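The structure follows.
The values are calculated or read from the model by the stated rules, or taken from the named source; none is laboratory data. Computed from a predicted structure; not experimentally measured. A quick note on method: Cβ atoms are made from the backbone with ideal geometry, for glycine too, and the neighbour counts reach across all protein chains shown. All accessible areas refer to the heavy atoms of the entire protein, side chains included, with ligands and DNA or RNA removed. Shrake-Rupley method; radii C 1.70, N 1.55, O 1.52, S 1.80 Å.
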Amino acid sequence: MNQAIICAKRAAAHDDVPIGAVIVHAGKIIARGENQVQLRKNPTLHAEIVAINRACKKLGTKFLDDCDIYVSLEPCAMCATAISFARIKNVYYAATDEKGGGITSNARVYDTDRHLWHPNVYQVPELAPISAQLLRDFFAQRRNKK
């Protein structure tokens with residue numbers, strides 16, 4: 001999870017919302033991703049999507065069913081669905097996202113029978129304050145620029 005926080009800081013460095021993701025296979029990090037929405041001018045390039053694309057390329061497969069994903073913020077509905085489509089086994093996240101969360105806070109996409117794959121979901125609460133503070137600082141800085 002600490003590596004996901006580092007990725008989140010990289011996102012903030014290029015003026016993207018500070019969210020990072022790391023995918024682990026067989027105990028080793030195989031892919032990292034940070035939000036690249038602003039950097040690449042693409043609204044779908046959330047940290048999880050970037051990491052999933054890199055992991056699939058690295059393993060040469062479309063399914064990541066032996067993988068875990070660590071995310072600094074609860075994935076949104078789009079990313080939660082992508083995680084399901086990729087068949088990732090476990091999702092670990094630090095902070096909850098009351099407004100945009102797709103797993104436990106808002107859309108709750110895994111609470112329906114519509115998804116063929118339901119990952120195990122775990123919060124890592126000890127890192128939630130760090131992730132939440134990164135987000136608060138980022139948005140405060142944005143408001144101050146205006």
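Ordering LYS146, LYS99, LYS9 by accessible area with a probe of 1.4 Å, largest first, what comes out?
In descending accessible area the options line up as LYS146, LYS99, LYS9.
For the chain, take every pair of Cα atoms, bin their distances at 10 Å starting from 0, and report each bin as a whole percent.
Per 10 Å bin, starting at 0, the Cα pair percentages come out as 13, 45, 34, 7, 1.
If you don't mind, another one. In a GNM of the chain with a 10 Å cut-off on Cα contacts, which of PRO75, PRO129, PRO18 has the highest mean-square fluctuation?
Taking springs between Cα atoms under 10 Å, the residue moving most is PRO129.
By the gyration tensor of its Cα atoms, with a ≥ b ≥ c the square roots of the eigenvalues, what is the shape of region 1-50: rounded for a/c under 1.5, prolate for a/b over b/c, or oblate?
Oblate shape, in that a/c is at least 1.5 and b/c is the bigger or equal ratio.
For a quick check: with amide H placed at 1.01 Å from N, whose amide H comes under 5 Å from ILE88's, ignoring anything fewer than 5 positions away on the same chain?
LEU64
Which residue, HIS14, PRO75, ALA107, has the largest displacement toward the positive end of the dipole of the chain when charges sit on each Cβ (Lys, Arg +1; Asp, Glu -1)?
Of the candidates, HIS14 comes out farthest on the positive side.
Largest first, how would PHE63, PHE85, PHE138 line up by accessible area (1.4 Å probe)?
Largest accessible area first, the list is PHE85, PHE63, PHE138.
Roughly how many Å² of ARG142 are accessible to a 1.4 Å probe, to the nearest 10?
Solvent-accessible area, nearest 10 Å²: 70 Å².
Between ASN106 and LYS57, what is the spin-label point distance in nm, taking each point 7 Å from the Cα along the Cα→C-beta axis?
With each label placed 7 Å out from Cα toward Cβ, I get 2.8 nm.
Got a sec to turn the phi values of region 95-100 into Karplus ³J(HN,Hα) couplings, 6.51 cos²θ - 1.76 cosθ + 1.60 with θ = phi - 60°, whole Hz, x for Gly and Pro?
Coupling constants for region 95-100: 8, 7, 10, 4, 8, x Hz.
Quick query: amide H of LEU73 versus all other amide H atoms, modeled in the peptide plane; which residues come in under 5 Å with a sequence gap of 5 or more or a different chain?
Correct list: GLY20, ALA94, ALA95.
For the chain, with only Lys/Arg (+1) and Asp/Glu (-1) charged at the beta-carbon, what is the dipole magnitude about the Cα centre, in debye rounded to 20?
The dipole magnitude comes to about 620 debye.
Moving to a separate point now. Quick check: residue separation of ASN90 and ASN120 times 0.36 nm, minus the Cα distance between them. What number comes out in nm?
10.3 nm
Given the protein chains as shown and a 1.4 Å probe, how many square angstrom of LEU39 are accessible, to the nearest 10?
80
How much FRET efficiency would the formula 1/(1 + (r/R0)^6) give for ASN42 and ARG142, where r is the Cβ-Cβ distance and R0 is 22 Å, rounded to 0.05?
0.70
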